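The values are calculated or read from the model by the stated rules, or taken from the named source; none is laboratory data. The structure displayed is predicted, hence computed values, not measured ones. No Cβ is skipped: glycine too gets one built from the backbone with ideal geometry, and neighbour counts run over all protein chains shown.
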């Protein structure tokens, strides 16, 4: 399924799937926050470290399946497949945008 997503979110999913993470600044604001597995990662440097650590720990692929939007909040339900217990899983990615970049992301 091909979804119409803002460029910042498309870039985030590309990076999550192994693309060059030097483009992180194209999708996240300087003061962005990511909430995942009970931890908060603030700022681009922390978000980049979180992405790299996650990719080093497990191999996975994220495929957006559906999207809903209300104002500047988008919820993308994605199928995450990889070498972890319970794979594949459906996870909601709740993005809040500030202009054209991700201000916050909650994965649940």
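For segment 99-108, filtered to residues that are touching a helix residue (DSSP H, G or I) at 6+ places or on another chain (Cβ under 9 Å) and under 12 Å from residue 12 (Cβ atoms), the residue that is surrounded by the most Cβ atoms within 10 Å (Cβ to Cβ) is 102. Scanning segment 60-82 for residues that are over 15 Å from residue 29 (Cβ atoms) and at pLDDT below 95 yields 69, 70, 71.
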